[in-house]
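Down below is the structure, laid out as structure tokens.
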Amino acid sequence: MKRFLVVLLAVLLIASIGMAKDKIKIGVSIPSADHGWTGGIVWWAQKAIADWKAKDPDIEFFLVTADSPAKQVGDVEDLMVKGIDALVILAHDSEPLTPIVERVHNKGILVVSVDRGLTKPVEDIYIAGDNPGLGKVSAEWLAKELNYRGDIVVLEGIPCVINSERVNAFMEVMKKYPKIRILDSQPAYWQTEKGLEIMENYLQKYPKIDAVWAQDDDVLKGVLQAYKESGRNDIKVMLGGAGSKEIIKMVMDGDPLVRADVTYPPSMIATGISLAVMSLRGEKLNGFYQNKIPSKIILAAELITPENAADYYEPDSIF
């Protein structure tokens, strides 16, 4: 009898060990909070890590932020030394980060790339916002608000592929409406200060402006300040993008100038972290018949209006 109990206890112990989750280590490498959207990236990364730690104590996270590509390369090297099982990365700059991420991938470490793609397909999973969709949704909404006629000024982002995709899609839609004129289009580098400066110049240069496409909520804040200080009242509508809580609150409150926004959510980094966990755990997306997480996920550009703004409002976020 005694021997039977010993054997039974041994079997139960082995079973419990088999049922226990494996310990996993996930490195998260992102840019420092150098403007509102990247501040949102940091906040959402911290939130996702805290949420997963509460659900699964067998996950160890290493979150690092970098203010330059060189710093981020060093961060990724350090994460490899820590023996990570997965790397979730939003590249500071695609080209200098690709070689180190390729090294990570070649070591058999799962790679989830978020937003800014790499110059070679060295990631296992890629998740990003829909940049052409952002331009298309913005243009269609603005055109309708203007009743398909009027003069628009555009403030672009940093000259890069992402910006070009947005602007080209916007302009393609506007070609359908000959009574809409694009007066000007200049890069504002997704910066509030640059948005203020460019809008001041636009207001001096053009005596009549019907609408502004700022493309980005940080830029829109500068545009709004310039317009307020000018004392003019000719502009009918302004549209930013990315879904910052400040702009969403203006939409919720019925601001006469800011009546909508378009998503490019910094919460995508949190989703990227979840995809890494699920992939390492061998889980699949709910409703999918395929066993693996999809290799490429593009998040829809969603129009935020007074009717649905509360669904997108995250008061605790810093962006």
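The values are calculated or read from the model by the stated rules, or taken from the named source; none is laboratory data. Bear in mind the structure is a predicted one, so any value in this text is a computation, not a measurement. In this analysis, Cβ positions are derived from the backbone assuming ideal geometry, glycine residues included, and neighbour counts consider all displayed protein chains. Accessible surface areas use protein heavy atoms only, side chains included; no ligands, DNA or RNA. Shrake-Rupley method; radii C 1.70, N 1.55, O 1.52, S 1.80 Å.
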task: Give the share of C-alpha pairs in each 10 angstrom bin for the chain, from 0 to the last occupied bin, in whole percents, shortest bins first.
output: 6, 24, 29, 20, 12, 5, 2, 1, 1, 0
- request: Any of Lys136/Lys176; Lys47/Lys194; Lys55/Lys284; Lys136/Lys179 with alpha carbons more than 20 Å apart? Name them for me.
  value: Lys47/Lys194
query: HN-Hα J couplings of the range 38-47 from phi, Karplus 6.51/-1.76/1.60, θ = phi - 60°, integer Hz, Gly and Pro as x?
result: 5, x, x, 4, 4, 4, 5, 5, 5, 5
- line: So, relative contact order of the chain in percent, Cα under 8 Å, 6 or more apart, is 19
Residues of the range 89-108 with amide N under 14 Å of a point placed 7 Å along Cα→Cβ from Lys292: 108
task: Name the residues whose placed amide hydrogens come within less than 5 Å of the amide hydrogen of Val88, ignoring near sequence neighbours (fewer than 5 apart) on the same chain.
output: Gly27, Val28, Ser29, Val112
message: Tell me whether the range 125-258 comes out rounded, prolate or oblate; compute the Cα gyration tensor, take square roots of the eigenvalues as a ≥ b ≥ c, and use a/c under 1.5 as the rounded threshold.
response: rounded
- prompt: Taking only protein heavy atoms and a 1.4 Å probe, what accessible area per residue, in Å², does the chain have with all protein chains in place?
  reply: 49
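Around Leu196, what is the net charge, scoring Lys/Arg as +1 and Asp/Glu as -1 over all other residues with Cβ under 11 Å from its Cβ? Numbers along the way, then the final one.
On the way: positive: Lys194, Lys221, Lys228; negative: Glu193, Glu197, Glu200, Asp218, Glu229.
Neighbourhood net charge equals -2.
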query: Counting only residues 5 or more places away or on other chains, whose amide H sits under 5 Å from the amide H of Ile304 once H atoms are built in the peptide plane?
result: Asp261, Val262, Thr263
query: When only the heavy atoms of the protein chains count and the probe is 1.4 Å, how do Phe319, Phe288 rank by accessible area, highest first?
result: Phe288, Phe319
- prompt: Zone of Asp93 (label point 7 Å along Cα→Cβ, backbone N under 18 Å): which residues in the range 108-131?
  reply: 116-120
message: Compute the helix-to-body angle for 192-205: its Cα long axis versus the longest principal axis of the chain, expressed 0 to 90° and rounded to tens.
response: 20
Most mobile listed residue (Asp22, Asp218, Asp78) in the chain, GNM with C-alpha springs under 10 Å: Asp22
field: Amide H contacts under 5 Å for Ile158, placed H, 5+ residues apart
entry: Tyr189, Trp190
task: Determine the share of the range 136-205's accessible area contributed by carbon and sulfur atoms, expressed in whole percent, with a 1.4 angstrom probe.
output: 49
